[in-house]
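The values are calculated or read from the model by the stated rules, or taken from the named source; none is laboratory data. Since this is a predicted model, take the numbers as computed values, not measurements. Reconstructed Cβ throughout: ideal geometry from the backbone, glycine too, with neighbour counts over all protein chains shown.
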């Protein structure tokens, strides 16, 4: 069996790690595995193809902002990817996130369809069934046809001049029409329910496979040092100041809970801003074992995103034995361990404070949380599910 995956990243980032884990699993089963990606260093492995050099990708990014078509164009990357697919002749192509100016999404889908290649799509976000946006949030236009988008200048994808969302929606719809073998998977039940409402996927299987993580790293690590005198809350995000990540609510929580310490991992403190004294910014952290120790040492993980389709932070924290409190963001509340999490309505800082204090007051056994979470979110479980799916598709 030849399995080819497509994703923006390879080995790094949440989806890149997932692709790499699936690659290793398939290879260990004795099958052939290939990857097409668009970002990062060029691989020396002949089975791994980077479609676009950095300068070409930047040029495509600029082109998309001028033309209004972020998922079109990409002549270089698309031609390179199609040539590689022709050369390898994979039995299955598994598409993850290919929205990083690496290929023309519509042309790739049309090519796979016209060549009768069984195709698996994992929705990690929503751009594969909208008029381009990564998260539709409260907008419902994607169900019948996008138009007059009010997010073009504020969120991805950004366009300087034109609103092409109606055209993009129709291009995506046409690309899906007539697939002989197309299978749609989503990383949470919440996202599966959303995808099932898309007219693009009518007549195709639409199911859930949870994201998996390396539970040899993300597991409870007891701290042998003296326990801190004050409760500790951890917030993990690479984009603290992005409106959709809700960093302002972490600041508000710290102001309200002056008797609690807060650490922010993944972002730096911006100079010139007045932060509460009980917040400490630790910046970006590439050492995953250190991140696991920080999760393990915290009493609660705080999640303030406006929208998440899964939330690796939720899964990582629970695997490390730390309960989660946050806003209802779609994916997190549908994938979390219910007995060790509490999610309240968006932007309700009063309810968030109450939930946070209540969770801090509970006497929980971190070993129990970690054990249950590892059974649910393990990388091994995710890879096994996808491998069984590949075999089923070929048997059928």
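Observations, loosely collected:
- When residue 214 is tested against (1) loosely packed, with under 14 Cβ neighbours inside 10 Å; (2) more than 17 Å from residue 389 (Cβ to Cβ); (3) in contact with a helix residue (DSSP H, G or I) (Cβ under 8 Å, 6 or more places away or on another chain), only condition (1) is not met.
- Some residue of the stretch 335-358 being surrounded by fewer than 22 Cβ atoms within 10 Å (Cβ to Cβ) and closer than 19 Å to residue 209 by Cβ: yes
- Across the stretch 18-50, the number of residues qualifying as at pLDDT below 95 and surrounded by 15 or more Cβ atoms within 10 Å (Cβ to Cβ) comes to 3.
- Exactly one residue out of 259, 242, 189 is assigned by TED's automatic domain parsing to the domain that holds residue 317, closer than 24 Å to residue 333 by Cβ and surrounded by fewer than 18 Cβ atoms within 10 Å (Cβ to Cβ): that is 242.
- Verdict on residue 80 being part of a loop (DSSP other than H, G, I, E, B), buried (at least 17 other Cβ atoms within 10 Å of the Cβ) and in the same structural domain as residue 157 (by TED's automatic domain parsing): no
- Considering residues of the stretch 25-57 that are assigned to a helix (DSSP H, G or I) and in contact (Cβ under 8 Å) with a residue 24 or more places away in the chain only, the residue farthest from residue 384 (Cα to Cα): 57
- Within the stretch 51-68, the set of residues being surrounded by 19 or more Cβ atoms within 10 Å (Cβ to Cβ) and more than 18 Å from residue 125 (Cβ to Cβ) comprises 51, 52, 57, 60, 68.
- Checking each residue in the stretch 199-211 for being in contact (Cβ under 8 Å) with a residue 40 or more places away in the chain and either crowded, with 21+ Cβ neighbours inside 10 Å or under 21 Å from residue 92 (Cα atoms) (or both) picks out 200, 201, 209, 210, 211.
- Elements of type helices (runs of 4 or more DSSP H) in the stretch 276-373, at least 1 residues being touching a residue at least 24 places away in the same chain (Cβ under 8 Å) and closer than 15 Å to residue 254 by Cα: 349-360
- As a summary of the residue check, residue 153 satisfies the conditions (1) surrounded by 20 or more Cβ atoms within 10 Å (Cβ to Cβ); (2) without any contact (Cβ under 8 Å) to a residue 40 or more places away in the chain except for the one numbered (1).
- When 302, 294, 360, 356 are checked against the criterion of being within 22 Å of the chain's Cα centre (by Cα) and more than 20 Å from residue 243 (Cα to Cα), a single residue qualifies: 294.
- Test: residue in the stretch 238-260 that is part of a strand (DSSP E or B), touching a helix residue (DSSP H, G or I) at 6+ places or on another chain (Cβ under 7 Å) and over 19 Å from residue 340 (Cα atoms): no
- Verdict on residue 132 being part of a loop (DSSP other than H, G, I, E, B) and crowded, with 21+ Cβ neighbours inside 10 Å: yes
Listed here are the residues, each with its yes/no results for (1) modelled with pLDDT of 95 or more; (2) surrounded by fewer than 22 Cβ atoms within 10 Å (Cβ to Cβ).
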position	(1), (2)
269	no, yes
273	no, yes
278	yes, yes
302	yes, no
317	yes, no
320	yes, no
323	yes, no
329	yes, no
